[in-house]
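Student: Structure below; questions to follow.
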Amino acid sequence: MADVSAPTLILFIASLVIAAGVSGVLINTVTDISSALDDRGADVSKNIRTDVEIISDSESSVYDSGSGNLTLYVKNTGTRTLPATGQTFDVIVNAQYRTNVTVTVADGDSHWGPHGVVKVVIGDLSLADNEDHRVKLVVDGDEETFRFRT
């Protein structure tokens, strides 16, 4: 009986050591995955709560050839307040990134809250007459495209 008990005890102890090692690795892996999901969930939540819509009429005169300014009105249709600055917007006009962007809140408030509207003026443009043009606005990952004809 002693001959069978010693090898069995050694195998039992070895299996416990291996199980402890495997469970340690699995706990670390599950913890890392959980942390990554929490971080990604926070990012997705922010993107879901951020939504804007360009409410300017493409049939109206949004471009002033005399001043070279393009004026668009953008509504915050999301659920979070956004900063009303030119740095909030990434603006691309006819496949060219534009940096001369001025943003003012239309109702005079200092914050661009939900359901608020901002006036976005893109300056230093030279758009050809009687052609189709495209503006792409990106605000915290939300992309909106506006097409118009001069």
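The values are calculated or read from the model by the stated rules, or taken from the named source; none is laboratory data. Because the structure is predicted, anything quoted here is derived from the model rather than measured. Here Cβ is always computed from backbone atoms with ideal geometry, including for glycine, and neighbour counts include all displayed protein chains.
Student: Only residues that are of a type in the set (A, V, I, L, M), in a loop (DSSP other than H, G, I, E, B) and free of Cβ contacts under 8 Å to residues at least 24 places away in the same chain: list them for the range 30-60, please. Spell out the reasoning first.
Tutor: Pass one, the range 30-60, residues of a type in the set (A, V, I, L, M): 30, 33, 36-37, 42, 44, 48, 52, 54-55.
Now restrict to residues that are in a loop (DSSP other than H, G, I, E, B): 55.
Within the range 30-60, no residue meets the criteria.
Student: Further, regarding this structure: Kindly list the number of the only condition in (1) surrounded by 14 or more Cβ atoms within 10 Å (Cβ to Cβ); (2) modelled with pLDDT of 95 or more that fails for Arg134.
Tutor: Result: Arg134 fails condition (1) only.
Student: Scan Val105, Val101 and give me the residue that is over 16 Å from the mean Cα position of the chain (by Cα), surrounded by 13 or more Cβ atoms within 10 Å (Cβ to Cβ) and more than 18 Å from Val135 (Cβ to Cβ). Give the steps one after another, and end with the answer.
Tutor: Numbers: Val101 fails: more than 18 Å from Val135 (Cβ to Cβ).
Exactly one residue qualifies, and that residue is Val105.
Student: Which of the residues that make up the range 121-150 are closer than 17 Å to Gly86 by Cβ and in a loop (DSSP other than H, G, I, E, B)?
Tutor: Gly123, Asp124, Leu125, Asp140
Student: For residues that are within 19 Å of the chain's Cα centre (by Cα) and aliphatic (A, V, I, L, M), scanning just the range 121-150, find the one that is farthest from Val44 (Cα to Cα).
Tutor: Going through the range 121-150, the residues within 19 Å of the chain's Cα centre (by Cα) turn out to be 135-146.
If we keep only those that are aliphatic (A, V, I, L, M) as well, we get 135, 137-139.
Values: Val135: 25, Leu137: 19, Val138: 16, Val139: 14 Å.
Filtering first and then ranking leaves Val135.
Student: So, in the range 102-130, exactly how many residues are closer than 23 Å to Glu59 by Cβ and β-branched (Val, Ile, Thr)? Can you show your working first?
Tutor: Of the range 102-130, the ones closer than 23 Å to Glu59 by Cβ are 106, 117-123, 125-130.
Now restrict to residues that are β-branched (Val, Ile, Thr): 117-118, 120-122.
Matching residues across the range 102-130 total 5.
Student: Turning to a different aspect of this structure: Ser56 - would you say it is surrounded by 13 or more Cβ atoms within 10 Å (Cβ to Cβ) and modelled with pLDDT of 85 or more?
Tutor: Details: surrounded by 13 or more Cβ atoms within 10 Å (Cβ to Cβ): yes; modelled with pLDDT of 85 or more: yes.
In short, yes.
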